[in-house]
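Undergrad: Have a look at the structure that comes next, please.
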There are 2 protein chains.
Amino acid sequence: MERFMNKRIGIIGLGNVGEGVVRSIDRYKSLISRRTSLNIEIKAVCDARPQKGVLAKEFSIPFTTDAKQILTDPEIDIIVELIGGIEPAKSFICAAFKNGKDVVTANKALLADSGKEIFSLAGKYGRAVGFEASVCGAIPLIKSISEGLVSCEVKKFYGILNGTTNYILCKMEKEKWDFSRALKDAQKKGFAEADPTTDIEGKDTLNKLCVLTYLCFGVWPDPSKILTEGISRISLQDIMYAQQMNCRIKLLAVAKREKDQLDLRVHPAIIPQEHPLAETSDAYNAVSIDTDPAGEMLFYGLGAGGVPTSSAVISDIVDIGLHDKGIARAQEKIVFKNIKETRSRYYIRFMAKDKPGALAMVAKILGSLDISIASVTQKEKANRASVPIIMITHEAKESNIKRALEKIDCLPSMASPSQMIRIESI
Amino acid sequence: MERFMNKRIGIIGLGNVGEGVVRSIDRYKSLISRRTSLNIEIKAVCDARPQKGVLAKEFSIPFTTDAKQILTDPEIDIIVELIGGIEPAKSFICAAFKNGKDVVTANKALLADSGKEIFSLAGKYGRAVGFEASVCGAIPLIKSISEGLVSCEVKKFYGILNGTTNYILCKMEKEKWDFSRALKDAQKKGFAEADPTTDIEGKDTLNKLCVLTYLCFGVWPDPSKILTEGISRISLQDIMYAQQMNCRIKLLAVAKREKDQLDLRVHPAIIPQEHPLAETSDAYNAVSIDTDPAGEMLFYGLGAGGVPTSSAVISDIVDIGLHDKGIARAQEKIVFKNIKETRSRYYIRFMAKDKPGALAMVAKILGSLDISIASVTQKEKANRASVPIIMITHEAKESNIKRALEKIDCLPSMASPSQMIRIESI
């Protein structure tokens, strides 16, 4: 009695995720059609690198190095774009819409850069866009927020969205390694790329924050205006001090709605050890989201890896295959909060030359900028030349902290620039 | 350019969740139609208790005490069944299908009892069933598994599916209360019902295990054949000893696939403190699920409460409203494993009269049944008459443990029956 439907897809990009999708569709094809009455057929695959033809051959799928062949193939219903980066991915996706094809993509960099344009073009041509794989890899987060929480207003979310940086921070804490040693280990184990800048400096987390912001609040932010700090400046010392506070340092994507203002940022943050987010280990991702009326929830799982992520790509293919359904959010009116206006508690570490008076000077500057100190600890001497002083402030204004640190760093009693990490009381 | 669709619903049952749905639809109606182009209209509400008419009046919705009026109303598209229990809920749902209406339900007891029959009838009449609210309240777990993980094979899952028992276990640990004091506190705070048996003895968890088993493995198990143990026999002593092992005791729903055998059970289990499941606090629910190819993931959120759960009910209404789409699983072939055949590590606490030789007798019995001991600790004297001996076994067969404990409990050197808690190395 079942009606079976056929959907023919073309895959552009045979990197880790592309290969994972080819292998998973081959392996789980019959499971999927048993569960959904949908037959997925890979009509053709494309990669600019001719050597990727080997994979296609293994599964007897037509291979081309010319994306145009796939984009214009009248027998293909859905284009799966897995090459990443802005161009030529953007041109390919736009061509797909114009040729009447739906699109599934894992491309957070492109969505963060041109999401508004892409969704508007998809709307114009009546096409669907699936992007489950763009954030948090295997976790069905996009679906959960867009459909499961369809009647919910998001108040705030915190995300650990990048496995590379989380792996490095975990290793530093567990093995007592400094940043560069943990980075080398991550590169050796395949968790970090040869050029790790996009991950390490928070750009990848920023891209994913933009996608989640669209989903949760119906607006595409301008990524260049969002405060983005990476983890390269985090020292083992800071991680140990955080531990002494029963806290952990995590690279967070933060989004908080305050009436019609939206506070967005990416930076390392000190969070309490007992919060479930703090338990996010190694290359896992997690998002904690607070909503009305569904309350707080947390999603946790593998954030990357070609084979795990293939499950997210396939769930998009199935959704579009069965219901011609993509995810698009109505544009909401919202204003982005200037980072200078945000308030937080701060962890500040000064490296003072062991000189009486340094602390008094620091306290004076902070006081003059309306920053009140919650605790001060003078730690053991780090080396011959300087002694670390750890200050925890009460809630203070970001712009005041920045001005205070500029002044403090000019004091002759300081041995090296100060360190500042925001404390999130999530 | 948007086409707006209208869906008219009738709600039967105005308890906590029913009232939450009425309030949330009123509050988030315009948000939902902005996001999905769907207008949800509550055409009528029904409750056998006439005093519930007050709520209907507050929102100017027609009210009846006679479900038949709603079930036969030709203007109603979707019946939302929120009365719970087997009858009359079952008859109402069957009548809805026959009258050409789709159904949304939160009724885990009914699904566990008659799920197979209900889905088969829905299939016969071509109707959709939504049941997101039946497990884990506000967490979009049903959707995540059925759609997000549509291409995944579930290898195993562990769930903390009942907020009442989790609240009690958390309170016992945090406040050092015994079970009955923690239960009274839960009743006072509204986390436990006046008659708490269904929650405390694991029946509610069992019902939810059945629903998740259908979803993950495509089979409806017979609930009467699944080992179900509650938490009333858990003493503060056991919780403290578990803590000393860096573990926690949680009431777990366990499902593990071993080739074509399925191992299903509900019982208190000792799990490592650092596992994210162990961090599930108070009335929260959490499910940890291990899949191919998406790997391990965890979902965490509010498991109950009328207002939070309303978000799950509404997401089902939207899905059916937009896509005439319910969740049904193809029947898979699978055999249920006999609990006697399962293997586990065990925590066993004996209360021995302080008599030399008791330990030797116990060790002899265990040895004769092929149970090998990993550690033994004799704790401080609990009272004048007996001394607790804590044994941790290596992996052993359930049937052997049961036989050993029967024999040991007959020993004259035992002051009271032994305690056994399974250790899950999740």
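The values are calculated or read from the model by the stated rules, or taken from the named source; none is laboratory data. A quick note: this is a predicted structure, and the numbers were derived from the prediction, not measured. FYI the Cβ positions are ideal-geometry reconstructions off the backbone, even for glycines, and counts take in every protein chain you see. For the accessible areas, the whole protein counts, side chains as well, though only heavy atoms, and no ligand, DNA or RNA atoms are used. Shrake-Rupley method; radii C 1.70, N 1.55, O 1.52, S 1.80 Å.
Undergrad: Given points 7 Å out from each Cα along the Cα-Cβ axis, report the A:Phe336 to A:Lys184 separation in nanometres with one decimal.
TA: 3.8
Undergrad: Using a 1.4 angstrom probe with every protein chain in place, what is the largest-first accessible-area order of A:Asp319, A:Asp324, B:Asp222?
TA: Ranked list, largest accessible area first: A:Asp324, B:Asp222, A:Asp319.
Undergrad: Also, I was wondering about something else. Report, as an integer, the average count of C-beta atoms from other chains found within 10 Å of each Cβ along B:135-142.
TA: 5
Undergrad: Where in the range A:26-51 is the amide nitrogen less than 15 Å from a point lying 7 Å along the Cα-to-Cβ axis of A:Phe59?
TA: Residues A:26-33, A:39-47 qualify, since their backbone N sits under 15 Å from the label point.
Undergrad: Nearest 500 deg cm²/dmol is fine: what mean residue ellipticity at 222 nm does chain B get from its DSSP H runs of n ≥ 4 alone, each adding -39,500 (n - 2.57), divided by its residue count?
TA: It comes out at -11000 deg cm²/dmol, rounded to the nearest 500.
Undergrad: Here's something else I'd like to know. Report, for the range A:135-290, the % of DSSP beta bridges that are antiparallel, rounded to 5.
TA: The antiparallel proportion sits near 90 percent.
Undergrad: Now for a different question. Kindly state, to the nearest 0.05, the FRET efficiency for A:Met245 paired with A:Arg34, given R0 = 56 Å and r defined as their beta-carbon distance.
TA: The value I calculate is 0.60.
Undergrad: For A:Lys325, enumerate residues with amide H under 5 Å from its amide H, sequence gap 5+ or separate chain, H modeled in the peptide plane.
TA: Here A:Ile320 satisfy the definition.
Undergrad: May I pose another question? Considering amide H positions built from the backbone, and no H for Pro or chain starts, which residues 5 or more places from A:Leu227, or on another chain, come under 5 Å of its amide H?
TA: Residues meeting the amide H criterion: A:Val266.
Undergrad: In whole Hz, with x marking every Gly and Pro, tabulate ³J(HN,Hα) for the range A:399-404 from phi via Karplus 6.51 cos²θ - 1.76 cosθ + 1.60, θ = phi - 60°.
TA: Couplings: 5, 5, 4, 4, 5, 4 Hz.
Undergrad: While we're looking at this one, here's another question. With every protein chain left in place, what is the accessible area per residue of the range B:34-152 in square angstrom, probe 1.4 Å?
TA: Accessible area per residue, the range B:34-152: 36 Å².
Undergrad: Tell me, for the rotation carrying A onto B, which chain A residue has the beta-carbon closest to the axis and what that distance is in whole Å.
TA: It is A:His323, 2, counting Cβ atoms only.
Undergrad: In addition: Hey, if we sort B:Asp47, B:Asp409 by accessible area with the 1.4 Å probe, largest down, what's the order?
TA: B:Asp409, B:Asp47
Undergrad: Are there trypsin sites (Lys or Arg not before Pro) in the range B:178-270 that DSSP marks as loop and that have at most 14 other Cβ atoms within 10 Å, and which are they?
TA: The qualifying sites are B:Lys189, B:Arg233, B:Lys259.
Undergrad: Also, I was wondering about something else. Hey, for B:Ser281 with labels 7 Å out along Cα-Cβ, what do the inter-copy distances come to in nm, ordered shortest first?
TA: Inter-copy label distances (nm, one decimal, shortest first): 2.0.
Undergrad: Moving on to the next point. Please report, as a whole percent, how much of the solvent-accessible surface of the range B:271-314 comes from carbon and sulfur atoms (probe radius 1.4 Å).
TA: That share works out to 53 percent.
Undergrad: Using a basic spin-label model with each label point 7 Å from the Cα along Cα→Cβ, how many nm lie between B:Lys174 and A:Lys98?
TA: 6.0
Undergrad: Translational diffusion coefficient of chain A at 25 °C, 0.890 mPa s, Stokes-Einstein with Kirkwood Rh over Cα pairs, in µm²/s as a whole number.
TA: 106
Undergrad: Over the heavy atoms of B:Phe191, what accessible area does a 1.4 Å probe trace out, to the nearest 10 Å²?
TA: Rounded to the nearest 10, that gives 80 Å².
Undergrad: Then there is this: Suppose the Debye formula is applied to equal point scatterers at every Cα of the range B:185-288; what is log10 I(q)/I(0) at q = 0.12, 0.17, 0.21, 0.23 Å⁻¹?
TA: Those come out to -0.46, -0.90, -1.25, -1.36, one per q.
Undergrad: Output the antiparallel fraction of DSSP beta bridges having both residues in the protein assembly as shown, as a percent to the nearest 5.
TA: DSSP beta bridges in the protein assembly as shown are roughly 65 percent antiparallel.
Undergrad: For a label point 7 Å from the Cα of A:Lys68 along Cα→C-beta, name the residues of the range A:80-111 whose backbone N is under 17 Å from it.
TA: A:88-99
Undergrad: What's the buried accessible area, both sides, between A and B using a 1.4 Å probe, rounded to 100 Å²?
TA: Looking at A and B, the buried total is near 4200 Å².
Undergrad: Let me ask you something else. In terms of solvent-accessible area of protein heavy atoms at a 1.4 angstrom probe, what is the ranking of A:Glu117, B:Glu81, highest value first?
TA: Of A:Glu117, B:Glu81, the descending order of accessible area is A:Glu117, B:Glu81.
Undergrad: Another question about this same structure. GluC sites (Glu not before Pro) within the range A:121-194: which are DSSP loop residues with at most 14 other Cβ atoms inside 10 Å?
TA: Taking the range A:121-194 and a limit of 14 other Cβ atoms within 10 Å, the loop GluC sites (Glu not before Pro) found are A:Glu193.
Undergrad: Still on this structure, please answer the following. Calculate the FRET efficiency for B:Lys402 and B:Ser224 from the Cβ-Cβ distance with a Förster distance of 22 Å, rounded to the nearest 0.05.
TA: Once rounded, the FRET efficiency stands at 0.70.
Undergrad: Additional query: What figure in square angstrom, to the nearest 10, would you give for the accessible area of B:Glu279 with a 1.4 Å probe?
TA: 40
Undergrad: If you don't mind, another one. With a 1.4 Å probe and every protein chain left in place, tell me how much accessible area B:Thr65 has, in Å² to the nearest 10.
TA: 80
Undergrad: If amide hydrogens are placed 1.01 Å from N in the peptide plane, which non-local residues have theirs closer than 5 Å to the one on B:Asn39?
TA: Under 5 Å from the amide H of B:Asn39 lie the amide H atoms of B:Met5, B:Asn6, B:Lys7, each far enough along the sequence or on another chain.
Undergrad: Under a plain spin-label model, where a point goes 7 Å from the Cα along Cα-to-Cβ, how far apart in nm are B:Gln378 and A:Ala360?
TA: A separation of 6.4 nm, rounded to one decimal place.
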